[in-house]
Amino acid sequence: MVKFGNDLPAQIVEVGIAEQNLVGVAAGLASAGKKVFAVSPACFLTARALEQIKNDVAYSDNPVRLVGISAGVSYGALGTTHHSLHDFAVLRAINNMTIVVPADNFETAQAVKHAVQSSKPVYLRFGKKPMPLLTEDTNVGFEFGKGRVIKRGADLTIIANGETVYPAVLAAKKLEADGIAATVVSMHTVKPLDVTLISELAAQTNAILTVEEHMVNGGLGEACASFLIQSGYHKPFKIMGIPDEYTVTGSQVEILNHYGISESGIAAEALKLIASANGHHNASKTANKITNANA
């Protein structure tokens, strides 16, 4: 924010370590017609100021762009107090809130541009480390609520967002050596979820694996599972994320590796799902034979 403050000193308000006040001030400015970005570490913005987000922003329909920085376990060894593994869950439960988690600079730039034009509240969730460009084809469209297919394959679908998309892409390339073709999706918008794309991929591939830098409870995976189960989906499905525990201590990479959110960890889970999908397919064929024989 230093460059912005130096270039536009009349357009930046520093409220200090006061996240509740940050959101309240942002809501007031937005209600007066200003295009406002409220920036704070995600762990504090979506926990300490949750009531203000719920009432001053979402309920009051003020188009504040809430920006959670250093999300997930970006703060590493600072520990659980500084980890944001709850934000998808709590904000999904609040009406009138769009949740966007860019995976690279292209998605980030597009998300900011779309947020500026939005007349509704938006939560933009950013990590901390530099991320490689996922594809050279930046002519593809970007839209809130529409997932971005990074790679296509017929065997398995991997749905990820934020900083977990890149290791998912690496895992998909690793799986190619085992003759497995995986589709990889950057599901940058958690809410509203791209259920049309999920439906298409559920029909086209044999299993679905979701990956996120968030608690397994209440996040991207559960959003996908809820839609799929209610739609009658019955193929193998797995959520990868941080389990229901306080995280181990370490750097971001060490923590994610510990929980398998890495190239090798995602590939290993994918292989298990494929094996499960093959067993499920064989079981279905056997059941059909038995049914036909009885008939």
Notebook entry, point to check: Near Lys174, which lysines are there with a Cα under 16 Å away, not counting those fewer than 8 places off in the same chain?
Noted result: Lys151, Lys272
Item checked: Average projected area [Cα convex hull, the chain], square nanometres -> 17.2 nm²
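Counting only C-alpha contacts under 8 Å and six or more residues apart, can you give the relative contact order of the range 2-125 as a whole percent?
After rounding, I find 25 percent.
Which value in Å does the Kirkwood hydrodynamic radius of the range 129-207 take, with 1/r averaged over all unlike C-alpha pairs and then inverted?
On the way: mean 1/r = 0.0772 Å⁻¹.
Result for the range 129-207, one decimal place: 13.0 Å.
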Item checked: Relative contact order computed over the chain (Cα-Cα under 8 Å; 6+ residues apart), in percent -> 16 percent
Checklist line | For the range 27-46 and the range 87-157, distance of Cα centres in Å | finding: 19 Å
Note to self: Quick check: net charge around Arg125, other residues with Cβ under 11 Å of its Cβ, Lys/Arg +1 and Asp/Glu -1?
What the structure shows: -4
Notebook entry, point to check: So how compact is the range 1-68: Cα radius of gyration and Dmax in angstrom?
Noted result: 11.5, 34
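Not counting the cut sites, what is the longest span of the chain without GluC sites (Glu not before Pro) that DSSP labels loop and that have at most 16 other Cβ atoms within 10 Å?
Numbers: sites that count: Glu14, Glu136, Glu143, Glu245.
It works out to 15-135.
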Check: Using only the Cα atoms of the range 1-123, what do you get for the radius of gyration and for Dmax, in Å?
Finding: 13.9, 40
Notebook entry, point to check: If you wrap a convex hull around the C-alpha atoms of the range 148-280 and split its volume per residue, what is the figure in Å³?
Noted result: 98 Å³
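Read-outs: derived from the displayed coordinates by stated rules, not from any lab. All values reported here derive from a predicted model rather than from experimental measurement. In this analysis, Cβ positions are derived from the backbone assuming ideal geometry, glycine residues included, and neighbour counts consider all displayed protein chains.
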